[in-house]
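These notes are about the structure you will find just below.
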Amino acid sequence: MNLLHFIGSFHVEVAKMLDKVVSYGEAGGLMEWVNGEVGRSEVYFLWFPKTGRLAYAVRGPLHRGSGEVEAKNAAEAIAQAERLIRRLR
């Protein structure tokens, strides 16, 4: 059985992890985004499936930063976002 059958799309799964969701969606398979809040920090995620890159930004009283990591598929992108969210909590 393929594990990816149990994983929804990136923007849906990451939205479930946030304390508050401001916006999420996808743009014709070119990009998926999620932005919202974790604690008192604002988080922004952009995943580009075609290029396998996940860009993120964090803005809050204790955490600030941005970056880009490799994420070849939805499962990797979700795992990377989950790691960042865990660090913010």
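The values are calculated or read from the model by the stated rules, or taken from the named source; none is laboratory data. As the structure is a computational prediction, the values presented were derived from the model and not from experiment. Heads up, the Cβs are rebuilt from the backbone with ideal geometry, glycines too, and the neighbour counts pull from every protein chain shown. Calculation scope for accessible area: heavy atoms of the full protein, side chains included, ligands and nucleic acids excluded. Shrake-Rupley method; radii C 1.70, N 1.55, O 1.52, S 1.80 Å.
Numbers below:
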{"read-out": "Selection of trypsin sites (Lys or Arg not before Pro), the stretch 55-85, meeting DSSP coil and at most 14 other Cβ within 10 Å", "value": "K72"}
{"read-out": "Additional length obtainable on full extension of the chain from L30 to R83, 0.36 nm per residue less Cα span", "value": "16.7 nm"}
{"read-out": "Set of aspartates and glutamates with alpha-carbon distance to K20 below 17 Å, sequence-local pairs under 8 removed", "value": "E37, E42, E82"}
{"read-out": "Förster-model FRET efficiency, 30 Å R0, L62 and K16, C-beta, rounded to 0.05", "value": "0.80"}
{"read-out": "Inter-site label distance for R40 and N73 at 7 Å from Cα along Cβ, in nm", "value": "4.0 nm"}
{"read-out": "Accessible-area composition of the stretch 10-88, carbon plus sulfur, in percent [1.4 Å probe]", "value": "50 percent"}
{"read-out": "Solvent-accessible surface (1.4 angstrom probe) belonging to W33, in square angstrom, nearest 10", "value": "70 Å²"}
{"read-out": "Spatially proximal lysines relative to K50 (Cα-Cα < 25 Å; intrachain offsets below 8 disregarded)", "value": "K16, K72"}
{"read-out": "Relative contact order (percent, whole number), the chain, Cα cutoff 8 Å, 6+ residue spacing", "value": "23 percent"}
{"read-out": "Whole-number accessible area per residue in Å² for the chain, which is evaluated in the context of all protein chains at 1.4 Å", "value": "62 Å²"}
